[in-house]
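To keep things clear, I will list the structure first and then write my remarks on it.
What follows draws every value from the coordinates through simple rules; no lab data is involved. Everything numeric in this text was worked out from a predicted model, so none of it was measured. Using ideal geometry, Cβ is built from the backbone for each residue, glycine included, and neighbour counts are taken over all protein chains shown.
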Amino acid sequence: MRLGDKQGKLFYGWWVVIACFFLSGGGVGILINSMGTFIKPVSEAMGFSRAQFSLCTSLSSFAGMFAYPVWGAYMKNHSIRRAMLVTGILIPIVLFGYSVCTKLWQFYLCAILVGLMTGSVSTLPVTALINNWFEDSRGTATGIGSCGSGLAMVIVPMVSAIILARGWRMAYRALGLVFFLVIELMALFVLRDKPADLGLSPYRKGNKENTGAIPIWGLSKKDTLNTASFRLFLLLAILSGTVNTSIVNHTYACLTDIGIAAARASAMISLQMLFLMVSKFALGIVFDKIGLKCGFLLSVAGYGLAGLLLLLAPHCIPLAYPALICSGVGSALPAMSMAYVARSVFGNRDYSGLCGIMLSLVFLGNAIGTTLNGYIYDATGSYQLGWILVMLEATAMAILFFMVLKSAEKIGLGPRAQGSN
């Protein structure tokens with residue numbers, strides 16, 4: 001792939017993609033993918049049930065659900081970079097706040113505050129920035145930018161080690177410091193909101209002229225919201241968030257429940273996050289080279305297989321390893337794959353606004369998945385029923401995806417509207 005401009009220099013948009021890699025490491029890898037590590041130790045130390053403490057993640061997701069459309073509207077007309085500079089300071093303060101909590105309601109308050117700000121530093125700004133900088137190779141750029149969420153493969157063992165050595169309060173403080181350094185450094189020194197800020201044009205490959213703005217296509221936000229295809233797409237978004245946190249936020253606890261030592265379980269979570277990184281990068285290429293359907297269905301299949309293997313793992317512990325690999329593949333779904341589908345099916349006319357609404361429903365699903373699996377464990381003493389639900393949800397998502405495409409084609413939307421796969 002030719003990454004340079006006409007003069008053979010590296011197009012600056014690829015530096016933005018690298019910055020997005022680290023942003024997703026902070027916004028998703030820390031604020032979402034690492035939080036499940038605290039469920040068991042905090043619950044046991046503070047005398048909470050897992051369902052009670054899992055509600056922290058759910059409340060954060062609910063707050064994000066309401067805040068994401070606001071962030072989407074903001075990013076359409078304002079600087080993403082400036083927002084990050086502010087929330088990159090505020091979020092670490094709240095993470096430190098977790099470390100001094102003594103009551104359940106205090107944890108809930110911190111979770112809500114984090115949820116309100118997550119939209120400024122996670123999937124939404126990453127996809128919005130890439131949409132601004134790239135017309136071609138968007139799948140590859142999105143894959144690279146999004147796969148930083150897999151940095152949890154480093155963060156989770158770090159958190160686990162700090163919890164074992166210094167306690168969970170110190171672990172929250174360490175996360176706050178890491179988050180501050182990552183977000184502030186990227187926002188200050190690398191990120192730029194759009195090519196015009198540097199006198200450039202969006203990236204086009206091959207012999208295409210790298211001049212002018214990206215062609216605008218798709219319906220207005222108001223008209224898109226009134227389509228049956230977008231309503232189906234929002235249902236798909238809810239399911240994608242539900243299945244994601246059902247697995248990600250309970251895997252560590254599940255592994256230790258079936259007899260795996262804490263240190264080994266954290267190392268296994270690193271394996272899950274490694275495949276999350278690899279799969280997002282690979283799926284980005286699949287989206288660009290093979291097509292939308294193949295990329296999306298691979299994500300769904302990853303979750304379905306993960307549910308099946310986790311269901312069987314208590315009877316055959318080695319099955320936990322391929323389960324985590326499949327889960328890593330599936331984890332590309334709620335962020336990267338859903339965002340790519342949104343752009344490919346509904347266009348870029350009001351991408352940030354539509355993506356903000358979509359991600360708010362993903363966060364609703366996140367809230368449902370975390371709490372539901374926590375209650376399933378408390379009620380039954382295991383996660384077995386939860387893994388069966390994951391398989392059913394994965395099947396439903398595959399069906400809904402084709403319903404979205406068929407409905408969109410009837411009104412002149414979908415991948416064919418722009419000549420893509």
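Modelled spin labels at Ile411 and Val190, positioned 7 Å past Cα toward Cβ, are 3.8 nm from each other. In this structure, the amide hydrogen of Phe134, modeled 1.01 Å from its nitrogen in the peptide plane, lies closer than 5 angstrom to those of Tyr203, counting only residues at least 5 positions away or on a different chain. Provide the FRET efficiency to the nearest 0.05 for the Met46-Leu271 pair, computing r from the beta carbons and using R0 = 22 Å. The computed FRET efficiency comes out at 0.15.
Taking 28 Å as the straight-line reach from the Cα of Lys406, the lysines in range (excluding those fewer than 8 positions away in the same chain) are Lys221, Lys222, Lys280, Lys289, Lys293. Per-residue Karplus couplings for the range 177-187, computed as 6.51 cos²θ - 1.76 cosθ + 1.60 with θ equal to phi - 60°, are listed in order as 5, 4, 4, 4, 5, 5, 5, 5, 5, 5, 5 Hz, Gly and Pro entered as x.
Under the simplified labelling scheme, the Asp257-Trp15 pair shows an inter-label distance of 4.8 nm, with each label point 7 Å from Cα along Cα→Cβ. Pull out a ≥ b ≥ c, the square roots of the eigenvalues of the alpha-carbon gyration tensor of the range 291-347, then state rounded if a/c is under 1.5, prolate if not and a/b is larger than b/c, and oblate in the remaining case. Prolate is the answer for the range 291-347, as a/c is 1.5 or above and a/b outweighs b/c. Considered as an equivalent ellipsoid built on the Cα gyration tensor, the chain has semi-axes of 33, 24, 19 Å, the largest given first.
For the chain, the longest principal axis of the Cα atoms and the long axis of helix 351-380 meet at an angle of about 20 degrees. Applying both filters, DSSP loop and at most 14 other Cβ atoms within 10 Å, to the trypsin sites (Lys or Arg not before Pro) of the range 75-112 gives Lys103.
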